[in-house]
Structure formats: structure tokens, C-alpha cells
Amino acid sequence: MEKRLQVIFLLIFLFFPLFSQTPSVVEHIRIPLWAELDAYPELLQDSEIEAESYSIKKIREVAPFLISGMVYGWDFVYTPSDAARNVEEYFELTEKKVSDKELIGIKYSSPWIQDNRLNCWCEYTRTPMQIQNYNLWASIQNPTIQGQGFGSISLGFDGIVEATKDAVKKAVREHYRGQIKNKPKEITGSVLIRKQPLLGIDAGKYTIKLDFFLECGTILYYTVF
């Protein structure tokens, strides 16, 4: 009982109070994140509080990554596989803004523990300039694409990043397959997450479903076979 009270006080101290949710996701981002307590058995053996503290740390690492994808977007470079040319598939995803003092404004609220998971809501209110940026993405004739990606649970929250990159790659690949007849050498562009990410576990792997705006960049073709 005493340990459980310590956990409750720890969560109250580490998380900010719940902020009112505005009706528009354009103005106010609110996404649920969770960490499997069972993913860190070595910490559970020592202290339940230490395990939950570690889970909180991991949530604080992945939240800025996903919210950055919703506020600023990501750039990508994609090379389709081409067996005839002995070219392997290549995909690289980079954040448009890796570090931003404004994203320190992410709030972590309403923590709860259920089924060996530490859950919480991650909230962020866009600045007027960031709202303008979202509306610009939405107003231009940018196509919308969707993808579902998977990542290894053994990687911890790096597995969520892996699943995110996989989702973007699949969404980009499927879109351009319908647009380009001959496989190109390289495709570049940018994506912005336009809806709440859906994160879960499927068949023993992290899975994430994402919906994007796509900003087309350059397409380089092979000049000589």
C-alpha cells in the first residue's frame, strides 16, 4: 500500500495537470501514449517506482518525435528496390526541426496504470504560426496518404520510431506506384501527420497507423540502364 502511494505521488509530481481540450485538432494536439512495464523486468525486480520512472522517461522521448511530425513534418528520401539493376530498397526519414524550445510546451496529463501499462495523454497547443503552417499544408493541393508500420518490441520505444518510419515508407511507396510507370532512382518529399496517430501492438510487434499530407519533392530517373 505504501509503495502504491509513492507511485501515485511520483506521477502527480512528474505530470502536468490536464488542460482543457479545444474542439479543433488543428489548434490542440492530444495523443495517448503508453509504455509496457513488462518491457523492463530488470527494473521491476528492483523497484516498481523505478520501472514507472523509466517508462515516463521513454514516453517523454517519443512524444516530441510524433508531435514534431504533426507540427513541422518530416523529410524523406526513398529509393525503390530494383532487382534488374541490383538496387536494394532504401528509405530515410528526418525531422524538419530536431530540437525546438517551443516543443518543450508538451504537457503530460491524466496518467493511469492498466494491464501493466503506464498510460498518459500528451498534449500540445500550436502557436498561431504553427496553425498557419498546418493550414498551408491543407490548403495546397497536397495529396493525402495513409500507412501502417511495424516495429520490434525488443527495441523499446525505438521500435515505435521504427514502426513510424515503416508507415511513412509504405504510404509513400503505394502512392508513387500509382503515379509512376517506371521505377525511379530516387524520390524526395515531405509529409505532415494530419490526424491522431493510432498506436498499438499486433502479432507481437508495435504497430502505428498514420495519415499524412504529402508534399512532393523531386523524382530522379535512371538515364542509362
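When the pairs K57/K183; K58/K183; K97/K209; K57/K96; K181/K205; K165/K185 are compared against a 31 Å limit on Cα-Cα distance, K57/K183; K58/K183; K181/K205 fall above it.
Nonpolar atom fraction for the range 90-157, defined as the carbon and sulfur part of the 1.4 Å probe accessible area, stands at 54 percent.
Full extension of the chain segment joining D202 with A138 gains 19.9 nm, where the gain is 0.36 nm per residue of separation less the Cα-Cα distance.
From the Cα gyration tensor of the range 131-225, with a ≥ b ≥ c the square roots of its eigenvalues, which class applies: rounded if a/c is under 1.5, or else prolate if a/b is larger than b/c, or else oblate?
Taking the square roots of the gyration eigenvalues as a ≥ b ≥ c, the range 131-225 is oblate.
Placing dummy labels 7 Å off each Cα toward the beta-carbon, the span from D115 to M129 is 4.2 nm. Here the extension length gained between S154 and E61 equals 31.8 nm, from 0.36 nm per residue of separation less the Cα-Cα distance. When the Cα positions of W137, Y124, W112 are compared along the charge dipole of the range 71-225, W137 comes out farthest toward the positive end, with charges on each C-beta of Lys, Arg, Asp and Glu.
Of the GluC sites (Glu not before Pro) found in the range 66-149, those in coil by DSSP whose Cβ has at most 13 other Cβ atoms within 10 Å are E88, E89.
Hey, what's the range 138-185 come to in accessible area per residue, 1.4 Å probe, Å²?
55 Å²
Each of T218 and T94 was given a label point 7 Å from its Cα along the Cα-to-Cβ line. The distance between the two points is 1.3 nm. Backbone amide hydrogens, once placed in the peptide plane, bring Y222 within less than 5 Å of K185, excluding anything fewer than 5 places away on its chain.
Placing unit charges on the Cβ atoms of the charged side chains and taking the dipole of the range 133-225 about its Cα centre, the candidate lying farthest along the positive direction among L214, G151, N182 is N182.
Here the extension length gained between R85 and K181 equals 32.9 nm, from 0.36 nm per residue of separation less the Cα-Cα distance.
The values are calculated or read from the model by the stated rules, or taken from the named source; none is laboratory data. Just so we're clear, the structure is a prediction, and the values are computed from it rather than from any experiment. Note that each Cβ is placed from the backbone with ideal geometry, even for glycine, and that neighbours are counted across all protein chains shown. Note: accessible area is taken over every heavy atom of the protein model, side chains too, but ligands, DNA and RNA are not part of it. Shrake-Rupley method; radii C 1.70, N 1.55, O 1.52, S 1.80 Å.
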